[in-house]
Amino acid sequence: MITAGIEALGVAVPGTYLDLSDLAQARGVPVAKFHEGLGVREMSVALASEDTVTLAARAARMALKDVDPHEIGLCIVGTETAVDHSKPVASFVQGLLGLPQHCRIYETKHACYGGTAGVMTALDWIRAGSHKGRKALVICADIARYPLGSPGEPTQGAGAVALLLSESPSLIALGPAVGTCSRDVNDFWRPLYKKSAIVDGQYSLSCYLEALQGAYLAWQVESGGLKPFRSDAFAAMVYHVPFPKMAKKAHWALRDFDGDRDPEVSYRWQVEHGLNFPQRVGNLYTASLYLSLASVLATDLRPLDGAQVGLFSYGSGSCAEFFTGIVTRGAQAKVKALQLDKMLDARRRISFAEYERTLAQAEGADAAPAKREAAGHPYTFLGVEADRRVYARP
Ligand code: COA
């Protein structure tokens, strides 16, 4: 079978963030609830000039920095915060990045699982030989928004992770075994007429944990596991991270399932490195799992060359998958060279008042007339002209 996996990755986050201590003060909540209770410290806030398209394009530009766009034969954007009911985010990205005409382009949606759906399709496309030497670009991009003042508010966030997938996976070779678990549940959804999500919070936690167990069991069967498998065989466990405490709950559940009575020990070396970036960015829906993977590769100081990592993707509604990857030699140095920590440090901290103003502006941005000047980022959403979205590019 053809080896397939991640050759390069790129990350984009908005240039502004809200410190969760400012949100806690404004909402009259003890800051410990956000820091310890949920595990979040900072939350990315997208300006009206940033949308799912601009974040996706910026992440893709980073992933493609050493690649000719003409090598891309498949481009999928996984998102649950698309900008149009018909035209896919992937087509806007194609225009902004100059992807070739003979490239299959589309968008996938299944809540936070939508990006992984794209990854699995791209891997199958490569393994089946349909790629004919070309590469796939899968971009996970979202702006996570909950109603102001709701329990979900501190778990918002925004950003994108782009994955270049090919038969030369110089970061991580993936699979081939995948364990899937899906069910029709109402844990989290967003009706077409709403900008922010509706969530049955505690129920969504239990759906996530049940799906984890189902997908993990299915993965064991898929990988031919007749003897009991212990998940601490993985050098790192990378979970979907709607908020960091969820990954901790997930790890407890997984290890408990394996019969481990003291999961705290393995949590420290298997999971914590993957939470360094998510705790500074917030929920990226489709991209959360892959931001956590980038966090492991960028911040875990242990050499991971040749190590196996476990990955768990969950999308409400629901669909979940458990799969694995082998870290390629030199992958950590490549991801460290992206200086993602510096990108986070360079963001501007906004006040609570600016946060509220920004969200109010973003509410009307989809119908606002296009402005002429771009706002500092390589790709900027300028507004709408004759019902067409207008973007500035470098
Ligand atoms: N100091 C420290 N911790 C505190 C605290 C304090 N002063 N006050 C509360 N906490 C802890 C609680 O004990 C709880 O921790 P635990 O889950 O380990 O018991 C945690 O903070 C959350 O508080 P809780 O009151 O249980 O929940 P909430 O009403 O704040 O809602 C979510 C939490 C996650 C349900 C809510 O943020 C949400 O709906 N998020 C979006 C949905 C989501 O991401 N779902 C995940 C599956 S995809």
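The values are calculated or read from the model by the stated rules, or taken from the named source; none is laboratory data. Keep in mind that what you see is a predicted model, and the values were worked out from it rather than measured. As a convention, Cβ positions derive from the backbone with ideal geometry for all residues, glycine included, and neighbour counts pool all protein chains shown.
The table for this structure:
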| item | result |
| --- | --- |
| Residue, nearest to the ligand (Cβ to nearest atom), within the range 218-233, restricted to residues that are more than 28 Å from residue 317 (Cβ to Cβ) and part of a helix (DSSP H, G or I) | 232 |
| Only one of 285, 267 that is aromatic (Phe, Trp, Tyr), under 22 Å from the mean Cα position of the chain (by Cα) and closer than 29 Å to residue 77 by Cα | 285 |
| Residue 23, sole failed condition from (1) away from the ligand (no atom under 16 Å from the Cβ); (2) assigned to a helix (DSSP H, G or I); (3) aliphatic (A, V, I, L, M) | (1) |
| Single condition residue 249 does not satisfy, out of (1) more than 21 Å from the chain's Cα centre (by Cα); (2) in a helix (DSSP H, G or I) | (1) |
| Residue within the range 31-41 that is more than 12 Å from the ligand (Cβ to nearest atom), without any contact (Cβ under 8 Å) to a residue 24 or more places away in the chain and over 26 Å from residue 163 (Cα atoms) present | no |
| Residues located in the range 105-162, provided they are within 16 Å of the ligand (Cβ to nearest atom), assigned to a loop (DSSP other than H, G, I, E, B) and over 25 Å from residue 179 (Cα atoms) | 145, 146, 147, 148, 149, 150, 151, 152, 156 |
| Residue in the range 46-66 that is surrounded by fewer than 24 Cβ atoms within 10 Å (Cβ to Cβ) and β-branched (Val, Ile, Thr) present | no |
| Some residue of the range 17-24 being charged (D, E, K, R), under 30 Å from residue 391 (Cα atoms), surrounded by fewer than 24 Cβ atoms within 10 Å (Cβ to Cβ) and out of contact with any Leu (no Cβ under 9 Å at 6 or more places or on another chain) | yes |
| Extreme residue, farthest from the ligand (Cβ to nearest atom), among residues of the range 163-194 that are of a type in the set (S, T, N, Q) and outside any strand (DSSP E or B) | 168 |
| Selection status of residue 205, under 21 Å from the mean Cα position of the chain (by Cα), surrounded by fewer than 19 Cβ atoms within 10 Å (Cβ to Cβ) and part of a helix (DSSP H, G or I) | yes |
| Test for residue 41: is it among the charged types (D, E, K, R) and either crowded, with 24+ Cβ neighbours inside 10 Å or closer than 28 Å to residue 352 by Cβ (or both) | yes |
| Matching option when the condition is within 21 Å of residue 115 (Cβ to Cβ), near the ligand (Cβ under 10 Å from one of its atoms) and not acidic (Asp, Glu), among 236, 250, 215 | 250 |
| Out of 351, 295, 316, sole residue that is crowded, with 24+ Cβ neighbours inside 10 Å and touching a residue at least 60 places away in the same chain (Cβ under 8 Å) | 316 |
| Hits in the range 255-300 (condition: modelled with pLDDT of 95 or more, part of a loop (DSSP other than H, G, I, E, B) and away from the ligand (no atom under 16 Å from the Cβ)) | 276, 277, 300 |
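Condition check ((1) crowded, with 24+ Cβ neighbours inside 10 Å; (2) of a type outside the set (Ser, Thr, Tyr)) across all residues:
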position: 274; (1), (2): yes, yes
position: 277; (1), (2): yes, yes
position: 283; (1), (2): yes, yes
position: 288; (1), (2): yes, no
position: 304; (1), (2): no, yes
position: 311; (1), (2): yes, yes
